[in-house]
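All remarks here apply to the structure that follows.
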Amino acid sequence: MNGSAMGGGFGLVCACDYVVAAKSAHATLSEVKLGVIPAVISPHVSRTIGTANCKRLFCTAENANMQTAVEIGLVQRVVDNPSQFPAVIKEMAQKLQLCAPGAVAASKQTILNCLNYPMSQSLMEHTVKDRAAAISQLFKHSQQRSCIIYLCHAQAMIT
């Protein structure tokens, strides 16, 4: 992120898994100054920065600097200069390449499946089922036995 993220741009940033921003960037939801609300992007924004931060930014149209953006979870990494973007992106890509793509996708889906649900036995059982579905997609015949052992261990941990 380099420059301003306003309105829909703020919502787009909230849809990202990992945001790198220049120190000089800023983000604002200034719709209330125009007499409207950021309704279309509100689900994405509230999921990313939480209810309290939404209230603060939606109702005040505060211009958030990158320190604030990191504190509220909008941005994960700040660089001094946009010229540093390629190196940071390469670093992140190298980390991601070390991970199994299916496991990354399943992890992200499990996180989304858990949002806005209270901690409960039912939620824990649901996440184990998510894990089982992911493993069945990731591993084939020869590795299924170790997957079953892993799932039994996971089930034992929550009961």
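Worth pointing out:
- Ordering 25-37, 89-101 by mean Cβ neighbour count within 10 Å, with the highest value first, yields 25-37, 89-101.
- Contour minus Cα-Cα distance for Ala39 and Gln97 (0.36 nm per residue): 17.3 nm
- Full extension of the segment from Ala105 to Ile89, taken as 0.36 nm per residue of separation minus the current Cα-Cα distance, would add 3.9 nm.
- Ranked for footprinting exposure by Cβ neighbours inside 10 Å, fewest first, Cys16, Cys59 give Cys59, Cys16.
- Inter-part distance where segment 95-117 and segment 24-90 are each reduced to a Cα centre, Å: 23
- If you bin all the Cα-Cα distances of segment 1-137 at 5 Å, starting from zero, the percentages per bin are 2, 9, 16, 17, 16, 15, 12, 8, 4, 1, 0.
- The alpha-carbon of Lys129 sits under 18 angstrom from the alpha-carbons of these lysines, leaving out residues fewer than 8 places away in its chain: Lys108, Lys140.
FYI, it's all coordinate maths here, none of it is from the lab. Note that the coordinates shown come from a computational prediction; the quantities given were computed from them, not determined experimentally. Note: ideal-geometry Cβ built from the backbone for every residue, glycine included; neighbour counts use all protein chains shown.
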